[in-house]
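Below is one structure, written out as structure tokens, with a few remarks after it.
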Amino acid sequence: MTIIRRLNCFDAPKIKKMIAYLGSNEKISSAILAEAFYSVHAILPLKYKFLPESYILLENNEILGLISIIPTSGNPYKINITRLIFKQNMYDIGKQLVEFVIARYGAKGAVSFRVLVDQSHDELLDLFLNGCGFRHCSYENLWKLDNYKPLTENIASFRYCQNSDAKYIARLYNYELKNLYKPSLERIKTEYLEPVFAGFTNFYKNRYVLEESNRHKIIAYLSITTTDNFNFIIDMSLNDAFTISYDEVLNFALSQIKSRKSKFCAFLKHRQYTNNADDMEKYLHERNLNCIQTQCVLVKDFYKQVKQVEKTLQLFQFGEISSTN
């Protein structure tokens, strides 16, 4: 008999066995087992959820697959699929798990599901695109800032981000998106507020903004994120109506990391769905940097139907419209 249910603390021995079978590391195992103890979080309505949740597929009491999701911070109706594990070539197990979380959270009010899949994994892409109805939006790349050599030593004058900046950062991010991707990838201001339960997250993020001189208008947003205090991911949103030096932005970001860590690895996130994506890619090539990862951005949206009046017929005749109850 096959069932799908939420992961719980009694599954710990089986999860350890499954992770060991897959050859994954202890960090992944610890993260999954931690989710099994979030019992109170499981009963919260979707609008209050903020922690990851995992579900397992069992057959004859054996765990064959696992899926993890996490609501977007500040917008829990946007669901991110963060982990999908199943035994070798059992793609039907993966499909069942994906369809399960879409049905479960869609019924709770979720309007969008997103997943990042490495472009080299053809079978997994096929599972989401053809098996589960996701669509391929664009790409996100990671460029390693190894032996990075800027042309200037100037440092941009960023300041720490505040909650009062959230509306303007969201506007900046949405303005930066190419029109084709706005319906699926736009963000709202609450996604840029400092999380109330930031201490429960498995990452640490510093956020900064750059203002136009004498006008107090935000023209750039910068975030530096780490999950292990060694690898740091730098992400930026820039207003292309202003000339902003990538060198100065990265000089600032690296100076912030260096003030805390003497040894680290830094990466720059390059989002190909933005208006300045081509300019940034040209800049990265000019600095002789290497793209080490390319992930496909896959999205599945739920759109609400327009409410119609019941038992109403519309007759179209010679360009005129009449209504009969």
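Percent of Cα-Cα pairs more than 15 Å apart in segment 209-252, please. So the pairs more than 15 Å apart make up 47 percent of the total in segment 209-252.
In segment 143-296, the alpha-carbon atoms span a convex hull of 131 Å³ per residue. Panel order for 218, 67, by other beta carbons found within 10 Å of each beta carbon, from fewest to most: 218, 67. Note on residue 91 and residue 10: the extension gain reaches 26.6 nm, defined as 0.36 nm multiplied by sequence separation minus the Cα-Cα distance.
How much FRET efficiency would the formula 1/(1 + (r/R0)^6) give for residue 213 and residue 80, where r is the Cβ-Cβ distance and R0 is 41 Å, rounded to 0.05?
0.65
Compared with the alpha-carbon gap, the fully stretched path from residue 121 to residue 149 is longer by 6.8 nm at 0.36 nm per residue. Compute the distance in nm between two label points, each set 7 Å from the Cα along the Cα-to-Cβ direction, one at residue 230 and one at residue 135. So the two model labels end up 4.1 nm from each other. Straight-line reach from residue 87: taking Cα to Cα under 25 Å and skipping same-chain neighbours fewer than 8 places apart, the lysines in range are 14, 16, 17, 27, 95, 300.
Each value in this text was obtained by applying a stated rule to the coordinates, not by laboratory testing. Since the model is a prediction, treat every value here as computed from it, not as a measurement. Ideal geometry is used to build each Cβ from the backbone, glycine not excepted, and the neighbour counts take in all protein chains shown.
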